[in-house]
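*Asks:* If you scroll down you'll find the structure; I have some questions about it.
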Amino acid sequence: MTEDEMNYVLNLKDLDKKAISVVGGKNASLGEMIKAGIHVPPGFAVTTDCYLKFISETGIDDKIYETLKDVQPEDVSSLDRASERIKACIQEGSISGDIREAIEYGYLGLCRACAVADVPVAVRSSATAEDLPTASFAGQQDTYLWIQGVYNVISHVQSCWASLFTPRAIAYRIKNQFPHEKVFISVGVQKMVNSRTAGVLFTLNPTNGDPSKVVIEGSWGLGETVVSGSVNPDRFVVDKVIMEASVKEISAKHIECVFDVKEGRVINANVDPKRQCTCCLQDEEIRELVKIAKHIEKHYGCPMDIEWAIDADLGFPESIFIVQARPETVWSRRKAESVIGKKSGYDLLMEQAMKRIRIPQ
Amino acid sequence: MAEEKADRFPDPHDFKVPKELEGWEEMYPSHYLFSKDRGEWEKQQFWYLDKIHAPEPMPPLDLIFQEAWQISLSQYTTRVFCIPPAQGIAQRMVGGYMYICAIAPPPEEVIKEKAELFGKRVFYVFDHYDELWDKWLTKFKVLGKEMAAVVVPSDLPKFVPEDQVIPAPTGCYVSYDLIAAFDKLVNQMFKGWQYHFEMLNLTYLAYLMFADVVRKLFPGISESAIGKMVAGAYVSMFRPEEELCSLARLATSLRGVSDILKSDRTAKQKIAELDKTPDGRQWLDQFNKAKDPWFFVSCGSGWLHYEGSWINSPDIPYGYIKNYVERLEKGEKIERSLDNIDKQRDAIVAEYVGLIKTDEDRTAFNNAYNTIRTIYRYAEDHLFWVEHWFHTIWFDKIRNFGKLLVKAGMIEDVDDIFMFNRYEIPELLTEVATGWALGVNIPMRGSYYKAKAQKRRKILDAAKKWIPTPALGVPPEEVAEPFTIMLWGITTDKVKEWLKGMKAPTVGDISEIKGFASSAGVAEGPARVLRLLKEISNLKPGEIIVCPTTNPSWAPVFTQIKAAVTDIGGLTSHAAIVCREYGVPSVTGTGVATTVIKTGDIIRVDGDTGVVKIVKRAK
């Protein structure tokens, strides 16, 4: 492999937040977490260099800038047309030997490491301007689940590249004056978690900002149902310090996102009625998730929004994976104001002594 | 009752108790009865069943503790420390059960006056707490010793002893001593209960203040987390158990002692056996040293004469010691590491402090925390000395009177003395004294009192089978009284739950009850309902205890049970504290657990959420 090719693909475990410009926020964050000892599914990043090499050697770059030059964000049909055109170019553009080799090298390495031939992977875009606390692009690029084989991986890397040019993404950049040529894309290829249960968690209570709580939402199957809001997840509110759950809400989780072998893709399957109302997490899993959440929050030094999954094939606690982590944006932006004020123990005692508790009739 | 509107409980004056309880009123002093002359006031108040202090129908003499706390608790709030908007707690009896009421705030001008006094008096206590505590303990121990020293005549001699007549006549004799001794005990009991609340109201107030500060900083924080921050490890209430642990350790280091202790003999037989060898005697010696005060712990709450104490139910401590010796021999560790508990608490507090965002809040938190920590030990320590040690001495003395009354033919059994209230006993004693003084062959009214005692026992037995209504009267608009909030956990939700319970068709239909999540964890298993505290001997390892309240003297039992559920008790109730100490899941303050759950039901106790599910009913 040439030196260039080596720069096209980087193992996630060799990354950290300094790599953000070449692997994007999502990949850099995953690398950062691996370094911090967090259990993250193994994988590799297809770098922005690789993307740049692809668009430049195919001449697609010129076509892109040409096409986007006169597009107005309010003009929906011109936006759509431009998007379609660019996406087709990228999707159909022929991949040169060295890029192909680099991705193949990354994927086969992953198969070896996992000891599985054609290991199923998740292919996700990781944009360089994404996931910054002040400019959340989250969800603007695509994710492809359960992809197997080198050919499919490469084709979905191209799909991710193309996802940089959805009408929404184009419009967003124009509105926010992000130059298109400054927004590069990296792609993450990560071993698929055979997810029994998955979901999101926050390292504070998003409803009231209580910093002593971890709020976990989870459902059966892959986390997509929770993220997209297509099921009412089970909800747990756990105290970070004493590790006790103050809320355990079990909802009827009617569907789950699973890989369908026959169809060869991920589908939303019905959950049988009995399992719908069964709690999707064991107590020990909840506790472990809280521990991990605290670790991640401490590592980043700010409240975090985290995606997690529990592998059906692995034993606890190896079964628990973190698949994504980003700074929480709502409460973090608020200015910290004193809740109690400047008060002595006696002030507080006097206040309490004067108190009456109303019992509404 | 079923027709009651959902927003109020029955009017106490119209409330009818079952026929079997007829005549219950005569057991208690008249001011304990709902009465027409106070009717207007009484029916406007909210009266709820006090299962903490009166989990069982009240034997007439045991009412003395309630009488004493009604006065003492209330006076510290209203007249001594003057918690501005709070008034006292009033008591009434209905069908043998006690109902209490936190009285509504006084007029505004009184609140103002009290606020001034509060500032002056209360802060002094916090500033001088350690010194005041030392003084408190010293004077309390003196009082207990004084009570122990009261001589109860064991006999009425045919003629007074010579030395009481010449050369220096005492001038007053057993007929006087008899009545004087009882009066003295009553007075000492009242004094002990005056001391009991000396700093307790302030402790509870400080706790509520701290809890409020913490809740502002961490809106969703659980009561059990707050409890963990303030609770201490070196608490008198845990000493009896520690003493047992060290006795068990001593046994394993002596020759032949463990084998005797592990045998299936009674405590009495074991003691006789131990007394035969030097090592055995050495061990007994140590046991006797620990006995006063630590084994004066009640087998129950300390509130009822029939609960017994370790000192008069030696099979209980000997049973625990047997278990500890066996565990030691298996190489298990039996002591709880108290240093670790303290360290853990400090670590927990530090972690919460670390989550506070501003310096100002961190300072306020520390101020609040130091205030509660200064005084919290009082809440944990007074309990052993008053309800356990002091009450045990009292029961022992009263039983001496019982023996005398049996001898005098006034009552059948020693414990029948508890069937008469503290105003009636002087009447019995006076009759005995009079009979003695009048000479020989004087007829006495023994059959009258014996019949009375029997009738009262019947009423109390019937009352045990009756399930009293949780509350009477009108739910209040506001509560300011710290004990009501803290100890009984009276909140809007609680009242609503009770109102719901009023209309519940039958107990068997309920499959889930709610209470405070007072100790974390989840456990499922067969329930053992212990409505009477002495039923504890029925408990089998792996069962879940369901009881009106739990008690720290059951401590060694907590290593055998899966979980605990109680009717009454907030998160800082004794039950909650012990369960957390032992890592046993618990749900406290359900209001109805002992009514709804039956022994043998399979229940699931979720100490994280405060829900108890009846998974499967016993056949």
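*Asks:* In whole Hz, what ³J(HN,Hα) sequence does the stretch A:315-331 give by Karplus (6.51, -1.76, 1.60; θ = phi - 60°), x for Gly and Pro?
*Replies:* Result, rounded to whole Hz: x, 5, x, 4, 5, 8, 10, 9, 10, 5, 8, 9, x, 5, 9, 6, 6.
*Asks:* Helix-only mean residue ellipticity at 222 nm, chain B, DSSP H runs n ≥ 4 weighted -39,500 (n - 2.57), per residue, nearest 500. What is it?
*Replies:* Working: 21 runs with 294 residues, N = 619.
Estimated from H runs of four or more residues: -15500 deg cm²/dmol.
*Asks:* Expressed as an acute angle from 0 to 90° and rounded to the nearest 10, what is the orientation of the C-alpha long axis of helix A:48-57 relative to the principal long axis of chain A?
*Replies:* In chain A, helix A:48-57 runs at an angle near 30 degrees to the longest axis.
*Asks:* Report the extension gain between A:R168 and A:D75 in nm, rounded to one decimal, defined as 0.36 nm multiplied by the number of residues separating them, less their alpha carbon distance.
*Replies:* On the way: separation 93, 0.36 × 93 = 33.48 nm, distance 1.17 nm.
Taking 0.36 nm per residue and subtracting the Cα distance, the gain is 32.3 nm.
*Asks:* Further question on the same structure: So if I place +1 on the C-beta of Lys and Arg and -1 on the C-beta of Asp and Glu, and nothing else carries charge, what would the dipole magnitude of the stretch A:128-271 be about its Cα centre? I want it in debye, nearest 20. Intermediate results must be reported in sequence, preceding the final value.
*Replies:* Working: 13 positive and 14 negative charges, 45 e Å.
Result for the stretch A:128-271 is approximately 220 debye, rounded to the nearest 20.
*Asks:* Here is a further query. Whose amide H sits under 5 Å from the amide H of A:A127, counting only residues 5 or more places off or on another chain, with H placed in the peptide plane?
*Replies:* A:G25, A:K26, A:S186
*Asks:* Count the net charge of all other residues whose Cβ sits under 14 Å from the Cβ of A:E181, scoring Lys and Arg as +1 and Asp and Glu as -1.
*Replies:* +1
*Asks:* Quick check on chain B: take the gyration tensor over C-alpha atoms, sort the square-rooted eigenvalues as a ≥ b ≥ c, and tell me if it's rounded (a/c under 1.5), prolate or oblate. Display every interim value, and only then the final one.
*Replies:* Numbers: a/c = 1.40, a/b = 1.16, b/c = 1.21.
Verdict is rounded for chain B.
*Asks:* Please give the length that would be gained between A:R85 and A:R100 if that part of the chain were fully extended, namely 0.36 nm times their separation in residues minus their C-alpha to C-alpha distance (nm, one decimal). Provide the component values of the computation, followed by the final result.
*Replies:* On the way: separation 15, 0.36 × 15 = 5.40 nm, distance 2.34 nm.
Fully extending the segment from A:R85 to A:R100 adds 3.1 nm.
*Asks:* Excluding residues on the same chain fewer than 8 positions from A:K262, give the lysines whose Cα lies under 27 Å from its Cα.
*Replies:* Result set, ordered by chain and number: A:K191, A:K253, A:K274.
*Asks:* Moving on to the next point. May I ask for the distance between the Cα centers of the stretch A:87-121 and the stretch A:6-26, given as a whole number of Å?
*Replies:* 16
*Asks:* Full extension from B:D339 to B:E131: what is 0.36 nm times the residue separation minus their Cα-Cα distance, to one decimal in nm? Walk me through the numbers before you get to the answer.
*Replies:* Values: separation 208, 0.36 × 208 = 74.88 nm, distance 2.39 nm.
Contour length minus Cα-Cα distance gives 72.5 nm.
*Asks:* Please report B:Y76, B:Y176 as a ranked list, fewest other C-beta atoms within 10 angstrom at the top and most at the bottom.
*Replies:* Details: B:Y76 21, B:Y176 12.
The most exposed by this proxy come first: B:Y176, B:Y76.
*Asks:* If you don't mind, there's one more thing I want to ask. So, in Å, what gap is there between the alpha-carbon centers of the stretch A:144-177 and the stretch B:140-171?
*Replies:* With the stretch A:144-177 and the stretch B:140-171 each reduced to a Cα centre, they are spaced 100 Å.
*Asks:* Just report the Cα centroid separation between the stretch B:345-395 and the stretch A:247-297, whole Å.
*Replies:* Each part reduced to its Cα centre gives a spacing of 40 Å.
*Asks:* Another question, if that's okay. For a footprinting-style exposure proxy, rank B:D285, A:D283, A:D234, B:D50 by other Cβ within 10 Å, fewest first.
*Replies:* Numbers: B:D285 10, A:D283 15, A:D234 25, B:D50 19.
Listed from fewest to most nearby Cβ atoms, that is B:D285, A:D283, B:D50, A:D234.
*Asks:* Further, regarding this structure: Positive end of the dipole of the stretch A:195-327, charges at C-beta (+1 Lys, Arg; -1 Asp, Glu), about the Cα centre: which of A:V271, A:I292, A:L204 has its Cα farthest in that direction?
*Replies:* Projecting each Cα onto the dipole axis, the largest value belongs to A:L204.
*Asks:* Using alpha carbons only, how many degrees (0 to 90, rounded to 10) separate the axis of helix A:150-162 from the longest principal axis of chain A?
*Replies:* Once rounded, one gets 70 degrees.
*Asks:* Rank the residues B:V151, B:V174, B:V529 as a footprinting-exposure proxy: fewest other Cβ atoms within 10 Å of their Cβ go first.
*Replies:* On the way: B:V151 11, B:V174 19, B:V529 23.
Least to most surrounded, the residues fall as B:V151, B:V174, B:V529.
*Asks:* Would you mind getting me the FRET efficiency between B:L250 and A:Y151? Use the beta-carbon distance for r and R0 = 56 Å, nearest 0.05.
*Replies:* With R0 = 56 Å, the Cβ-Cβ based efficiency is 0.15.
*Asks:* Residues with amide H under 5 Å of B:V546's amide H, sequence separation 5 or more or different chain, H placed in the peptide plane at 1.01 Å from N; which?
*Replies:* B:R528, B:V529, B:L530, B:V565
*Asks:* Also, quick follow-up: Could you give me the ³J(HN,Hα) list for the stretch A:341-353, computed from phi with Karplus coefficients 6.51, -1.76, 1.60 and θ = phi - 60°, whole Hz, x at Gly and Pro?
*Replies:* x, 7, 9, 7, x, 6, 4, 5, 5, 4, 4, 5, 5
*Asks:* Put +1 on the Cβ of each Lys and Arg and -1 on the Cβ of each Asp and Glu in chain B; which of B:Y423, B:P167, B:P541 then has its Cα farthest toward the positive end of the dipole?
*Replies:* So the residue we want is B:P541.
*Asks:* On to the next question. Long-range amide H contacts for A:K213: which residues qualify at under 5 Å (H placed 1.01 Å from N, peptide plane, sequence gap of 5 or more or a different chain)?
*Replies:* Residues meeting the criterion, in which the H sits 1.01 Å from N, are A:N205, A:K240.
*Asks:* If I take R0 = 22 Å and measure r between the Cβ atoms of A:A336 and B:I348 in this structure, what FRET efficiency does the formula 1/(1 + (r/R0)^6) give, to the nearest 0.05?
*Replies:* Numbers: r = 22 Å, r/R0 = 1.02.
Working from the Cβ atoms, E equals 0.45.
*Asks:* Modelled label-to-label distance, B:D461 and B:E535, 7 Å Cα→beta-carbon offset: nm?
*Replies:* Distance between label points: 1.6 nm.
*Asks:* Another question, then. If you fit an axis through the alpha-carbon atoms of helix A:283-300 and take the longest principal axis of the Cα set of chain A, what angle between them do you get, 0 to 90°, nearest 10?
*Replies:* Here the helix axis deviates by roughly 70 degrees.
*Asks:* Calculate the dipole size of the protein assembly as shown relative to its Cα centre from +1 charges on Lys and Arg beta carbons and -1 charges on Asp and Glu beta carbons; express the result in debye to the nearest 20. All intermediate terms of the calculation are to be shown ahead of the outcome.
*Replies:* Numbers: 119 positive and 133 negative charges, 405 e Å.
With only Lys, Arg, Asp and Glu charged at Cβ, the dipole is about 1940 debye.
*Asks:* Right, another one. Excluding A:K248 itself, what net charge comes from residues whose Cβ is under 10 Å from its Cβ, given Lys and Arg +1 and Asp and Glu -1? Spell out each step's value before the answer.
*Replies:* On the way: positive: A:R235; negative: A:D234, A:E249, A:D283, B:D606, B:D608.
Overall, the nearby charge balance is -4.
*Asks:* Ok, one more. If you average the sequence gap of Cα pairs under 8 Å that are 6 or more apart and divide by the length of chain B, what percent do you get for the contact order?
*Replies:* Values: 987 pairs, mean separation 121.8, N = 619.
20 percent.
*Asks:* Taking the Cα centre of the protein assembly as shown as the origin and placing charges on Cβ (Lys, Arg +1; Asp, Glu -1), which of B:T252, A:P167, B:P476 is farthest toward the positive end of the dipole?
*Replies:* Farthest towards the positive pole: B:T252.
*Asks:* Can you run phi through the Karplus equation (6.51, -1.76, 1.60; θ = phi - 60°) for the stretch B:589-598 and list ³J(HN,Hα) in whole Hz, with x for Gly and Pro?
*Replies:* Values, residue by residue: x, 6, x, 10, 3, 5, 8, 7, 8, 10 Hz.
*Asks:* Let me ask you something else. If I take every Cα pair under 8 Å that is 6 or more residues apart in chain A, average their sequence separation and divide by the length, what percent do I get for the relative contact order? Before the final figure, lay out the partial values.
*Replies:* On the way: 682 pairs, mean separation 58.7, N = 361.
Relative contact order here is 16 percent.
*Asks:* Under a plain spin-label model, where a point goes 7 Å from the Cα along Cα-to-Cβ, how far apart in nm are B:K141 and A:K35?
*Replies:* Result: 6.2 nm between the two label points.
*Asks:* Also: About the Cα centre, and with charges only on the beta carbon of Lys, Arg (+1) and Asp, Glu (-1), how big is the dipole of the stretch A:310-361? Nearest 20 debye, please. Walk me through the numbers on the way to the answer.
*Replies:* Working: 9 positive and 7 negative charges, 146 e Å.
The dipole of the stretch A:310-361 has a size of about 700 debye.
*Asks:* Can you give the net charge of the other residues whose Cβ lies under 14 Å from the Cβ of A:Y65, counting K and R as +1 and D and E as -1? It would help to have the intermediate numbers written out before the result.
*Replies:* Values: positive: A:K63, A:K69, A:R85, A:R173, A:K182; negative: A:D61, A:D62, A:E66, A:D70, A:E181.
Charge balance in the 14 Å sphere: 0.
Where a number appears in this text, it was derived from the coordinates with a stated rule and is not lab data. Just so it is clear, the model here is predicted, and its values are computed rather than measured. Here Cβ is always computed from backbone atoms with ideal geometry, including for glycine, and neighbour counts include all displayed protein chains.
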